[in-house]
Amino acid sequence: MSTYRKNTIDEIAKAATAPVKPAETVNVDYYGEDVFNANAMKVYLPKDICKKLLATIEQGAPLDPNIAGEVAHAMKKWAMDRGATHFTHWFQPLTGSTAEKHDSFLEPDGLGGCEAIMVFSGKNLIVGEPDASSFPSGGIRSTFEARGYTAWDPTSPAFIKRHGNGATLCIPTAFCSYTGEALDKKTPLLRSLQALSKSTERLMACFKAGKKKTTVTLGAEQEYFLIDKRFYLQRPDLYQAGRTLFGAVPAKHQQMDDHYFGSIPARILNFMNEVEMELWKLGIPAKTRHNEVAPAQFELAPMFEEVNLACDHNMQVMEVLRNVADKNGLVCLLHEKPFAGVNGSGKHNNWSVSYGSGNLLNPGSNPHENAVFLTTLCAVIYAVDSHADLLRMTTAGAGNDHRLGANEAPPAIVSMYLGDQLMDVIEQLEQGAPKSSKQAGAMKLGSDSLPPLPRDATDRNRTSTFAFTGNKFEFRAPGSSQSCSEPNVVLNTIVAEAFDMIAEQLEKLDDKNFHTGLQKILQKIVKEHKRVIFNGNGYTDEWIAEAERRGLPNIRTSLEALKALKNEANIALFEKYGVMNRVEMESRYEVNVEDYHKRVRIEGEICRDMAKNIILPKVVEAYSCALKTNEMALNQGFPGVDAYVKSLGEGCKDLMAAVAKVESALAGEHEGILAAMAETRKIVDALEKVVSDEMWPLPKYREMMFIY
C-alpha cells in the first residue's frame, strides 16, 4: 500500500487504548450544570421574577418584558460563575446549521478607560442585530438590505459552550428580517406549535376534556459514522463534500449482519462516554448508544423532550459529536451517505402529542380514552395521506437523495405502518362492524365502545416511512445531517388542520348523537385515506407498483420534492395557520434549490480534480510499470501479463474520457454532472481493484471502516 496509508495504519496500531478506570461510585450531579435551567433560576433570580419566567417556559404564558433586565443580570452572573466571558445569540439560519456572533460582557467604566466592568442588559438578552444579508434568504434580503434581528426564545434555556481556554453564554433565539419574515428554522416551528395547540384544545373540548396544555414531544435518533482523522485528511472528497466520491466496496462490509448491536470497540466506547458526559452537562438526556448496521456506523438516541427543545438539543448533539471526535483523533461523518454500498445515516423523528398529562397516541384502557386515541390516529392518517408531498419535501437534500429508496432506508413513497392488530381495529371501524367486548355489546366509540386496545400491539417495520410504534409515530425519512425543525413544522401544521376538520364536524353534534356521529366521521376518514396504510415490505418493487395503483406519490428526487413549497394549496395551508406566508415558503424553495445545485457542482469539481490530479497519475504510473515488467518478462522467456497490462491501459483511456465528460458536464445542469460523476466512479472503483495496492493513493473502504 502507499506510504501514507501504511504509516497511518502503523500509527493506529501503535496507539495505546486508554486504560480501564477502576470502578467508582457513579455521580451525575453535574447533569445540566451548564444550563440556565429552573434550578439555576431559583438560585440567581428573585422569587417573583423566577415565577414569572417559569410561567412562560412551563405554561406558555406571555413573557413579561419588564423582567428582562433582572433575568439578564442573573444570567450574566450565572454564566460568569461558570467561566463565561462572552455571550452570543445562538440561532439556526436557513443554512441548516447554527450561527453565532460572540460579544464580550466587558465594557470600559467610562472613567478614562482605567477599569472595565462586565455588562449584560435586558436589551442584550431580548434582541440582537446580526447581518441578515450574509445568510441564505431566498431573495427576502438583498446584499444592501443587511438588517436582521435575533429574538430570545425563553422556552429553550441558555447554555454554556466551552472551548480550550474559555466559555461563552449561548442564548437560543429566533432570527427574522427587518420586515418580519422568518429567516430561520426555529420561528416556523414555534408558530406551528401555537397552531397545533389551538387545534388540539378545540378538538379536546369536543370530548369535554377541559383546557390543558398541549405538548408535542420528539425523540431524534441520530446516526453517524466515525473514522480515524488521519484517513480523513487523505481524502479530499470527505473533508470537502462529507462523502466519498470514489471507493470500491470491500469484500466484507455489512453482509454478515455482525456490526448492528455488536460489541462497541474500545476507542469508540471511550468517545461515546465523553460525548454523553458533555451532553449531560448541557442537560441533554442522551440515553442509548449502539453500533448501527454498517461498519463504522453508530447511533445516539436521547429521551423524548418537548419538540422545540429537542430540535435545539439535536443541533447541539451534532456539534458535540464532531468536537469530541476531533479531540479523540476521529472524525464524525454526518452525511447521509458517506460510503457507497453500505447503509447511509438517517435521523428518525419520533413524534407524539399530549394534552395535559395524557399522550393522545397512547391506546387507552377504557372506552373514552380509546375514542380519543382513535380520533387522533385517524387525524394523523388523514394528515399524512393528504400532505405526503409536504412530508417528502422536508427530507429533500442532495445527501439524502443517495439514501432514500435504497434497501436501507424508507422509500421516497410516504406510507404508514400500523401493525396487524391496530389495522384490524381500523378495518372494523371502516366496516362499522361490532367487536366482541366484555359487555358482549356492539362496538361504538362511547360507553359500549371498543375493549381496551393492547399496548405494544405493533411490530416494528424498518421499511416504512411513517410507522406507529406503540405511542408515537416514527418518521424515518429525514437525513442524518438535517435539522429536525422542518419535519416537525409540517407534522404540527397538517395535524392541526386534521384536528380542526374533525372538530368542526363534532361541534355540530349534540351529546346524544356524539358517539354515533364520531364513528361516522372516523369511518369516512378511513375509507377515503386508508390507501396510505401499508404494513408490508416497502423495499420491494411490488410495493412501488402497488403504491402507484393506490395513487400515492413517488417523488424520487429532492428537486421534485421541493416543488411542494410552491404549491398553492400548501401555501394556503401554512398561511391559514400562521406558520409561514407565501414569501417565506417561496424563499425556502429558492434556498433549498440553490443549496442542492451548489452541492452537486462542488462534488463535480472535487470528482474532476481527484480523478485528474490524484488517481489518473497513479494509474498511468501503474500502467507504465506494468508495461516495463511485461517487457522484461518476455525478454527473459517468461509468460507475459498482457491481460493485466491491457486492463490498465484501457482504464487509463476510459478514465481520461470520463474526466473530460465531468469537465464538460460542469458547464451544464445537475443531471449531467451526476451522470458523469457516476460514470467516473464506476471506472475508478474498478481500477482500485486492479492497480497495485502500494500505488493506490487514497485510503480504501476496508481501512477507513475497520481500522481504529
Two pseudo-spin positions, 7 Å from Cα along C-beta at Asn581 and at Tyr260, lie apart in nanometres by 4.8 nm
Rounded to the angstrom and largest first, Cα extents along the principal axes for the chain equal 103, 82, 60
In nanometres, the difference between 0.36 nm per residue of separation and the alpha-carbon distance of Asp48 and Met118 is 22.7 nm
For Cys170, Cys378, ascending order of other Cβ atoms within 10 Å (fewest first) is Cys378, Cys170
Ordering 91-100, 621-630 by per-residue average of other C-beta atoms within 10 angstrom, highest first, gives 91-100, 621-630
Restricting to aspartates and glutamates and to Cα separations under 16 Å from Lys76, and discarding same-chain partners fewer than 8 apart, the set is Glu33, Asp34, Asp103, Glu107
Partner lysines whose C-alpha sits under 19 Å from that of Lys211, ignoring same-chain residues fewer than 8 away, are Lys198
Under the Karplus relation with 6.51, -1.76 and 1.60 and θ = phi - 60°, whole-Hz ³J(HN,Hα) for the stretch 543-550, x at Gly and Pro, equal 5, 4, 5, 5, 4, 5, 5, 6
The pairs in Lys212/Lys347; Lys186/Lys212; Lys52/Lys186; Lys229/Lys689; Lys14/Lys287; Lys327/Lys700 lying past 29 Å Cα-Cα in this model are Lys212/Lys347; Lys14/Lys287
Partner lysines whose C-alpha sits under 23 Å from that of Lys527, ignoring same-chain residues fewer than 8 away, are Lys435, Lys444, Lys472, Lys508
For the chain, longest principal axis from Cα atoms; helix 485-506 axis from its Cα atoms; angle between them, nearest 10 degrees, is 30 degrees
For Asp685, Asp389, Asp153, Asp257, ascending order of other Cβ atoms within 10 Å (fewest first) is Asp257, Asp685, Asp389, Asp153
Plugging the Cβ-Cβ distance of His290 and Ile544 into 1/(1 + (r/R0)^6) at R0 = 45 Å yields, to the nearest 0.05, a FRET efficiency of 0.90
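Where a number appears in this text, it was derived from the coordinates with a stated rule and is not lab data. Because the structure is a prediction, the values reported are computed rather than measured. Positions of Cβ are generated from backbone atoms using ideal geometry, with glycine treated the same way; all protein chains shown enter the neighbour counts.
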